[in-house]
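What follows is a short report on a single structure.
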Amino acid sequence: MKVEEKLALDAFKTDNESHIAINQEICRTKCKVKYCIFACPGHLYSYNEESNEIVVEFAGCLECGTCKIACLEGAITWVYPKGDFGVQYRFG
Ligand code: SF4
Ligand code: SF4
């Protein structure tokens with residue numbers, strides 16, 4: 001079974017409130033490469049041209065913490081989801 005197939009079996013209990021905050025001003029003024037878009041294994045980050053903002057689909061977060069490390073400008077504030085919200089892994 002491929003990693004992608006295993007991940008597709010994970011379950012998510014979604015909070016209404018995001019556990020990931022992005023400082024959009026830093027993204028706009030200091031970051032050209034936008035590593036978050038390439039680094040997230042869940043492909044949850046994207047750039048919205050209309051609003052000129054980085055968007056993260058936090059509901060699908062795998063809680064790996066990669067984006068926090070990949071953002072060299074420190075624009076991401078990341079905490080674990082509250083209570084029993086978040087990902088439930090099926091294959092470790
Ligand atoms: S890597 Fe950090 S600063 Fe750059 S776009 Fe992503 S969140 Fe913003
Ligand atoms: S913690 Fe991992 S899965 Fe969640 S948004 Fe960051 S890089 Fe993506």
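Observations
- When Gly74 is tested against (1) more than 9 Å from ligand 1 (Cβ to nearest atom); (2) on the phi > 0 side of the Ramachandran plot, just one condition goes unmet, and that condition is (1).
- Some residue of segment 41-53 being of a type in the set (Ser, Thr, Tyr) and more than 11 Å from ligand 1 (Cβ to nearest atom): yes
- Leading residue by the ranking (farthest from the chain's Cα centre (by Cα)) among those in segment 69-92 that are surrounded by 14 or more Cβ atoms within 10 Å (Cβ to Cβ) and closer than 20 Å to Thr14 by Cβ: Phe85
- When segment 18-57 is filtered for residues that are among the acidic types (Asp, Glu) and within 24 Å of Lys6 (Cα to Cα), only Glu57 remains.
- Any hit, segment 5-19, residues being away from ligand 2 (no atom under 11 Å from the Cβ), over 13 Å from Val55 (Cα atoms) and part of a helix (DSSP H, G or I): yes
- Flag if Glu25 is part of a loop (DSSP other than H, G, I, E, B) and either of a type in the set (D, E, K, R) or without any contact (Cβ under 8 Å) to a residue 60 or more places away in the chain (or both): no
- Segment 54-70, subset in a loop (DSSP other than H, G, I, E, B) and free of Cβ contacts under 8 Å to residues at least 40 places away in the same chain, residue farthest from ligand 1 (Cβ to nearest atom): Glu63
Since every read-out is calculated from the coordinates, none of them should be taken as a lab result. If you're wondering where the values come from, they're calculated on a predicted model, not measured in any experiment. In this analysis, Cβ positions are derived from the backbone assuming ideal geometry, glycine residues included, and neighbour counts consider all displayed protein chains.
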